[in-house]
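The structure under discussion appears below in the form of structure tokens.
The values are calculated or read from the model by the stated rules, or taken from the named source; none is laboratory data. Predicted model, so just to flag it, every value in this text is computed and none were measured. Virtual Cβ from ideal backbone geometry, glycine too; neighbours counted across all protein chains shown.
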Amino acid sequence: MYRFLVVIEKSENNFSAYCPDLPGCIGTGSSRDEVEKNIMEAIELHIRGMREEKLPIPQGTASAEILAIPA
């Protein structure tokens with residue numbers, strides 16, 4: 001099993017997601033549920049392609065933190 005950080009962003013009209021540890025691996029959707037489904041599929045396809053090309057699968061090293069900034 002692989003574990004990767006996924007960043008989900010809300011825009012005015014939809015959601016987008018990307019995986020910092022897999023450059024170029026992105027997903028979009030009209031709802032949060034849809035973008036989560038689409039990025040999961042994108043990651044699976046990305047990894048499948050890397051295996052077919054005999055490329056190493058990177059370890060998930062990205063992390064995230066929410067910081068509280070005083071006003």
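Only one of the numbered conditions (1) of a type in the set (S, T, N, Q); (2) surrounded by 12 or more Cβ atoms within 10 Å (Cβ to Cβ); (3) closer than 13 Å to TYR2 by Cβ is not met by ASN38, and that is (3). Restricting ALA62, ALA71 to those that are surrounded by fewer than 16 Cβ atoms within 10 Å (Cβ to Cβ), modelled with pLDDT under 95 and of a type in the set (Gly, Ala, Ser) reduces the list to ALA71. Counting the residues of region 33-71 that are in a loop (DSSP other than H, G, I, E, B) and closer than 18 Å to PRO20 by Cβ gives 13.
Take the residues in region 6-20 that are assigned to a loop (DSSP other than H, G, I, E, B) and more than 8 Å from the chain's Cα centre (by Cα), then tell me which one is nearest to GLY49 (Cα to Cα). Top of the filtered list is ASN14.
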